[in-house]
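Asker: Structure provided below as structure tokens; questions to follow.
Every number in this text was worked out from the coordinates using simple rules, so none of it is lab data. Owing to the predicted nature of the structure, the values given are computational and were not obtained by experimental measurement. Glycine also receives a Cβ, built like all others from the backbone with ideal geometry; neighbour counts cover every protein chain displayed.
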Amino acid sequence: MKVLIADDHPLFIEGLTNLLKAEDFIEIVAVAHNGKEVVELALAQKPDVILMDISMPILNGIEATKEIKNRLPECKILILTSFEEEDSLFTAIKAGASGYLLKSLNGDELLNSLSDINEGKNPFSAGLEEQLLEQLQKNMMMQEERDLLFRKLSERQLEVVKYLSKGLTYNEIGDKLYLSERTIKYHIEQIKEKLNIKTQSQIISLADKY
């Protein structure tokens, strides 16, 4: 298994390298110290697995994961971090990570996780998989609520929302829909009333998540 390490803490890298070098089934092909470097090394070395920290200079581990998965979809990325917040976990998995481990794990747990990921499994530190499932359920419920809200709008009002979320002015939206600026303003007030919100920015925020 070809492994690329991405972390900006020299002491942690040294300990991790010593652990992995002792295993016959692991070959460390490169070590990256920032997000930009890990993308470059991944493209050059084409590792099987990347052990990716989240907090790194130039480009963080989440953005690096997105970039690598877009260009090397077969590469498996295992997040190895001290961040255990739900947001970090969910964002990492959404970016394409195959697993999420905390740096508090011991050496045997890491080696077992590497074996698991090599077999197509998705390793998580204790309790994190449950957190991820809870977050996914919350997101599904929120999406359902947004769907119900937007069903209250007419087709014309949905078009206004679409152009508003793209940053168009009232005049520009009017030109697109062959309506006057006054009519666009009227539609926006109707949209606010139907969605039970007070500001235009709230309309845009809801539309971005829709």
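Asker: Restricted to region 34-57, and to residues that are in contact with a His (Cβ under 9 Å, 6 or more places away or on another chain) and either over 19 Å from residue 101 (Cβ atoms) or among the aliphatic types (A, V, I, L, M) (or both), which residue is surrounded by the fewest Cβ atoms within 10 Å (Cβ to Cβ)? Give the steps one after another, and end with the answer.
Answerer: Kept after step one, since they are in contact with a His (Cβ under 9 Å, 6 or more places away or on another chain), are these residues of region 34-57: 53, 56-57.
Pick out the ones that are also either over 19 Å from residue 101 (Cβ atoms) or among the aliphatic types (A, V, I, L, M) (or both) and you get 56-57.
Values: 56: 24, 57: 11.
Checking each candidate, the answer is 57.
Asker: Condition (residue is out of contact with any His (no Cβ under 9 Å at 6 or more places or on another chain), of a type in the set (Lys, Arg), surrounded by fewer than 18 Cβ atoms within 10 Å (Cβ to Cβ) and within 21 Å of residue 109 (Cβ to Cβ)) applied to region 11-31: is it met by at least one residue?
Answerer: Step one: list which residues in region 11-31 are out of contact with any His (no Cβ under 9 Å at 6 or more places or on another chain), which gives 11-12, 14-31.
Keeping just the survivors that are of a type in the set (Lys, Arg) gives 21.
Of the ones still in play, those that are also surrounded by fewer than 18 Cβ atoms within 10 Å (Cβ to Cβ) are 21.
When the remaining residues are screened for being within 21 Å of residue 109 (Cβ to Cβ), the result is 21.
Within region 11-31 (the criterion being out of contact with any His (no Cβ under 9 Å at 6 or more places or on another chain), of a type in the set (Lys, Arg), surrounded by fewer than 18 Cβ atoms within 10 Å (Cβ to Cβ) and within 21 Å of residue 109 (Cβ to Cβ)), the answer is yes, since at least one residue qualifies.
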